[in-house]
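Novice: Attaching a single structure in structure tokens format; questions to follow.
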Amino acid sequence: MEQTLILIKPDAMQRGLAFEILSRLERRGLRLAGLRLLQVERSMAEKHYAEHEGKPFFTGLVTYITSSPIIAAVFEGTSAVNAARQTIGSTNPTESSPGTIRGDFGLEIGRNLIHGSDSVESATREIAIFFEGQPVIQWEKDTDKWVFE
Ligand code: DAT
Ligand code: MG
């Protein structure tokens, strides 16, 4: 089943919103397949955000993501990448609809609480970065048949 990589960013951790946010993804029907609390090192952050290297906000982005422990999670399900991005909202919280995570909890683009992979290819790449060979769990929930036809 399709997988996506979610990061609960330092602002969400510091504000005590980690499990509220994870809960929203869980309640959407996505199945948790991996979970890790970790301190992101600079090299890991630069690898994850490589596509943004050279942009004016890159240094701030790396400083932000390394500023506090984060939670990395793998969620899976039908269209997991797009479903998670929809629940997360737009990159800029003030352009995110109410009801989305960023639209409900954020105000600034540099403090947007959560990362979600933007494609299946990105998810594969990012899961390898944050899970470093730690296996994700293959399992089924008894309620899956009420979520996945
Ligand atoms: P997303 O996190 O929605 O996938 P992205 O991949 O384009 O967005 O950018 C990664 C992060 O970089 C984003 O969550 C916040 C930050 N960012 C993006 N564009 C920015 C900008 N114009 N100014 C400041 N920070 C920005
Ligand atoms: Mg992105």
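The values are calculated or read from the model by the stated rules, or taken from the named source; none is laboratory data. All values derive from a computational prediction rather than experimental measurement. FYI the Cβ positions are ideal-geometry reconstructions off the backbone, even for glycines, and counts take in every protein chain you see. Keep in mind that these areas ignore ligands, DNA and RNA; they rest on the heavy atoms of the full protein, side chains included. Shrake-Rupley method; radii C 1.70, N 1.55, O 1.52, S 1.80 Å.
Novice: Which of the residues spanning segment 105-123 are open to solvent by 70 Å² or more (accessible area, probe 1.4 Å) and more than 11 Å from the chain's Cα centre (by Cα)?
Specialist: Hits for segment 105-123 are LEU107, GLU108, ILE109, ARG111, GLU121.
Novice: In segment 66-86, what residues are closer than 18 Å to SER23 by Cα and open to solvent by less than 20 Å² (accessible area, probe 1.4 Å)?
Specialist: ILE70, ILE71, ALA72, ALA73, VAL74, PHE75, GLU76, GLY77, ALA80, VAL81, ALA83, ALA84 - these are the residues of segment 66-86 that are closer than 18 Å to SER23 by Cα and open to solvent by less than 20 Å² (accessible area, probe 1.4 Å).
Novice: Would you be able to tell me the number of residues in segment 87-107 that are more than 18 Å from PHE19 (Cα to Cα), more than 11 Å from ligand 1 (Cβ to nearest atom) and not hydroxyl-bearing (Ser, Thr, Tyr)?
Specialist: The qualifying residues number 2.
Novice: Sticking with this structure for a sec: If you check PHE148, PHE130, which single one turns out to be crowded, with 19+ Cβ neighbours inside 10 Å and either of a type in the set (Phe, Trp, Tyr) or assigned to a loop (DSSP other than H, G, I, E, B) (or both)?
Specialist: None of the other options fit; the residue is PHE130.
Novice: Another one. Just checking, does segment 129-139 include any residue being within 14 Å of ligand 2 (Cβ to nearest atom), small (Gly, Ala, Ser) and either closer than 19 Å to VAL40 by Cβ or in contact with a helix residue (DSSP H, G or I) (Cβ under 6 Å, 6 or more places away or on another chain) (or both)?
Specialist: Scanning segment 129-139 turns up no residue that is within 14 Å of ligand 2 (Cβ to nearest atom), small (Gly, Ala, Ser) and either closer than 19 Å to VAL40 by Cβ or in contact with a helix residue (DSSP H, G or I) (Cβ under 6 Å, 6 or more places away or on another chain) (or both).
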